[in-house]
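Participant: Please find one structure pasted underneath; my questions will follow.
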Amino acid sequence: MTAPPYSTAKVDVVRVPDGATNDVVAVEEPLEIRINGSPVAVTMRTPGHDEELALGFAVSEGLQPKDARLPDDLAANTVELDAPAFDAGRLARSFYTTSSCGVCGKGALEAVAVEAARVESSLELPAMLAASLPDRLRAAQPAFAATGGLHATGLFDDQGELRCLREDVGRHNAMDKVVGWAFRGGLLPLTGFVLCVSGRLSFELVQKAAVAGCPLLVAVGAPSSLAVELARDRGITLCGFVRGGRLNVYSEPWRIVR
């Protein structure tokens with residue numbers, strides 16, 4: 001399993017006490033997202049699956065996208081969204097997004113309100129299967145293996161089969177890429193699937209899972225208080241500290257069968 005060449009780069013490094021050598025690091029570059037030829041957002045991301053990233057971003061922001069493509073002028077690090085219902089005034093007041101936080105720069109608290117119905121799904125998952133998902137995710141991360149510097153999101157079915165994995169320097173970008181993939185495949189809402197992330201559980205990841213209609217979100221790391229609050233409000237089962245065969249269930253524990 002080899003990392004895609006566009007996702008990593010070699011840099012010079014001095015290792016102490018060994019001396020000068022080189023290292024492999026994750027690539028981070030800006031991506032401009034346009035609608036009708038006008039820029040609406042810039043995100044710092046790892047190149048690859050840019051159309052999926054733009055679509056997932058648009059879905060989570062309620063922009064009702066139809067598709068995404070390279071722009072007509074073929075500008076580098078740019079993707080064009082087809083979103084006929086786009087409201088330029090609403091978006092201009094809402095966000096500037098970075099690789100670290102999907103809601104940084106929001107103009108008002110109301111702008112992060114989740115425009116998604118409560119998730120209704122009868123999905124249940126054996127506890128041991130849920131506990132195994134981070135290891136399955138880690139085994140399928142070629143760019144992380146090469147760099148140690150990328151987040152990942154994986155979409156699993158109810159049998160624990162990995163359906164889609166995306167890596168990125170931004171945890172919310174990795175989630176957007178998976179949601180964009182599912183959008184293109186006609187799989188939304190994700191009522192029969194599980195999302196697994198490689199890091200902590202922040203508000204914006206739960207927000208994106210809610211908009212995608214996913215009932216179960218699993219993570220290696222800890223949740224924030226707002227992530228737990230949102231998961232409980234939207235009926236999402238939130239599992240944190242999933243490692244070594246153990247897990248903490250912070251909301252809707254009935255979905256985890258022991």
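The values are calculated or read from the model by the stated rules, or taken from the named source; none is laboratory data. A quick note: this is a predicted structure, and the numbers were derived from the prediction, not measured. For the accessible areas, the whole protein counts, side chains as well, though only heavy atoms, and no ligand, DNA or RNA atoms are used. Shrake-Rupley method; radii C 1.70, N 1.55, O 1.52, S 1.80 Å.
Participant: Keeping every protein chain present and rolling a 1.4 Å probe, give me the accessible area per residue for the chain in Å².
Facilitator: For the chain, the per-residue accessible area is 45 Å².
Participant: Once amide H atoms are placed 1.01 Å from N in the peptide plane, what residues at a sequence separation of 5 or more from T153, or on another chain, have their amide H within under 5 Å of its amide H?
Facilitator: R166
Participant: Based solely on its DSSP helices, what 222 nm [θ] is calculated for the chain when runs of n ≥ 4 H residues each add -39,500 (n - 2.57) and the sum is averaged over all residues, nearest 500 deg cm²/dmol?
Facilitator: Working: 7 runs with 68 residues, N = 258.
Computed mean residue ellipticity for the chain: -7500 deg cm²/dmol.
Participant: Residues with amide H under 5 Å of A41's amide H, sequence separation 5 or more or different chain, H placed in the peptide plane at 1.01 Å from N; which?
Facilitator: I33
Participant: While we're here: Shape verdict for the chain, please, from the Cα gyration tensor: rounded (a/c under 1.5), prolate (a/b greater than b/c) or oblate.
Facilitator: Note, shape of the chain comes out oblate.
Participant: Of all accessible surface on region 45-91 at a 1.4 Å probe, what whole percent is carbon and sulfur?
Facilitator: In region 45-91, the share of accessible area belonging to carbon and sulfur is 49 percent.
Participant: Continuing with this model, one more query. On a C-alpha basis, how far is the centre of region 29-71 from the centre of region 151-219 in Å? Whole number, if you could?
Facilitator: Here the answer is 17 Å between Cα centres.
Participant: Apply the Karplus parameterisation 6.51 cos²θ - 1.76 cosθ + 1.60, with θ equal to phi minus 60°, to every residue of region 48-63 and state each ³J(HN,Hα) to the nearest whole Hz, in sequence, with x for glycine and proline.
Facilitator: Going residue by residue, I get x, 6, 5, 5, 5, 4, 5, 5, x, 4, 5, 4, 5, 8, x, 8 Hz, with x marking Gly and Pro.
Participant: Of all accessible surface on region 180-258 at a 1.4 Å probe, what whole percent is carbon and sulfur?
Facilitator: Exposed carbon and sulfur together represent 53 percent of the surface.
Participant: How big is the equivalent ellipsoid of region 168-258 along its three axes, where each semi-axis is √(5λ) from the Cα gyration tensor, reported in whole Å from largest to smallest? Don't skip to the end; give the middle numbers.
Facilitator: Numbers: eigenvalues 75, 44, 31 Å².
Taking √(5λ) for each eigenvalue gives 19, 15, 12 Å, largest first.
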